[in-house]
Each structure stands twice: as C-alpha cells, then as structure tokens.
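This report refers to the structure that appears directly beneath it.
The values are calculated or read from the model by the stated rules, or taken from the named source; none is laboratory data. The model shown is predicted, which means the values in this text are computed figures rather than measured ones. FYI the Cβ positions are ideal-geometry reconstructions off the backbone, even for glycines, and counts take in every protein chain you see. For the accessible areas, the whole protein counts, side chains as well, though only heavy atoms, and no ligand, DNA or RNA atoms are used. Shrake-Rupley method; radii C 1.70, N 1.55, O 1.52, S 1.80 Å.
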Amino acid sequence: MPLDADQLDAFWHVVEAGGFHHAAAVLHLSQPAVTQRIRALETELGLRLFVRAGRGVALTDAGRTLRQHVHQLRQALGDGAGGLAGRLALAAGTAEGVAALVPALAAVGAAHPALDLQLHLADPLDPAAWLEDGRADAVLSELPARRAGLKATKLGELDYVLVAAPA
C-alpha cells in the first residue's frame, strides 16, 4: 500500500519536534492541518502512532516501527545531515506563477544546497506537458490538470493589479 508523502513528512516532523504544534511551525502549516495528516495516516495504517499528552506526544510501538522505516527512507533519499540532493525542476504557466514560486524555492535552496533547483516558464496553455515529457517534476498552473495520472492541489488565489499608462 503506497503511503502519502505529506503524511509521512508530517509524522517525521511531529516525532522530531516532539509535538504537533512545533511540527506545524517547521512545516509552515496550521496545527490542525498536521493533526489531519496524522489522523489520515493512522486511518490508512489502521494503527495509532502516537499517545497524545497535552502538546507533547509519545510513540506507540507502531509509531516506533514507522519511525525506523521513515528514518531509513529519508537517509536513502539523501535527507540526512547533508539535506536533499538531486534535481527538482518546477515550472509555471505564467510569469506570476514563477514569481510566486521564487520565495519558496529560495528557502528550499538555502536548506538543501546540494539540491539542483530549476524554475521554468512553461507553455501557459499546457503546462502539464512539462510533466509528461520529464522537463518538470511539478507545475504551477492556472488550469486544472485533467489528465490521467496527474494529481492537482489548489494552492490559493493570485491577486492581480491593473496597471495602465496614463493615456
């Protein structure tokens, strides 16, 4: 059974931070969002992973076992002391989308200097084509992904400002 990477990441950070509140701060999520990911993971596994006590947590036997597996996975993926390594290519269908990605990528690049980050301006009418041919690992698009095998998540809304010449 494939497990959700966001759920495993939330699990790892709750373990490392010792609680949901601190993990939420590290992940830049709300505490309820982290709680929801952990509940979904526990539901998927059919096991309790944490014993909750106030803001702190303790791992159950199942939680300790999962922690070992996630630790091994993170080491295999290069997320140990050296951080992430490899290529992460992102594309956006608009210049505004590229600009929206820059702050997040700057933080990722600072945290993982061995990661080769690439940011591209894709075809605005079909940014998903960049995924299909391997030019990008993820795309930011104004258009919904309507292709088999693609998963789309709405990130929010962009605010536009009208700019005009005085004439």
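Measuring from centroid to centroid over Cα atoms, what is the spacing of segment 1-43 and segment 99-130 in Å?
Taking the Cα centre of segment 99-130 as reference, the centre of segment 1-43 is 24 Å away.
Where does the chain land at 222 nm, in deg cm²/dmol rounded to the nearest 500, when only DSSP H runs of n ≥ 4 count, each adding -39500 (n - 2.57), divided by all residues?
-13500 deg cm²/dmol
Amide H of residue 119: which non-local residues (sequence gap of 5 or more, or other chain) have their own amide H closer than 5 Å, using H built in the peptide plane?
90
I'd like the orientation of helix 31-45 relative to the chain: the angle between its Cα long axis and the longest Cα principal axis, in ° from 0 to 90, rounded to 10.
Result, in degrees: 60.
Roughly how many Å² is the accessible area per residue of the chain, as a whole number, for a 1.4 Å probe?
In whole numbers, the chain has 65 Å² accessible per residue.
As I understand it, the value is the acute angle between the Cα axis of helix 95-111 and the longest principal axis of the Cα atoms of the chain; what does it come to in degrees, rounded to 10?
40
Kindly give the semi-axes, whole Å and largest first, of the ellipsoid equivalent to the chain, taking each as the square root of 5 times a Cα gyration tensor eigenvalue.
Three semi-axes, in Å: 34, 19, 17.
Which GluC sites (Glu not before Pro) does segment 66-157 hold that lie in a coil by DSSP with at most 10 other beta carbons within 10 Å?
Here the GluC sites (Glu not before Pro) that fit, given the DSSP loop and packing criteria, are 157.
Within the accessible area of segment 13-53, what % is carbon and sulfur when the probe is 1.4 Å and the other protein chains stay in place?
54
If you line up the long axis of helix 61-76 against the longest principal axis of the chain, both from Cα atoms, how many degrees apart are they, to the nearest 10?
40
Probe 1.4 Å, all protein chains in place: accessible area of residue 141 in Å², nearest 10?
Ignoring ligands and nucleic acids, residue 141 comes out at about 50 Å².
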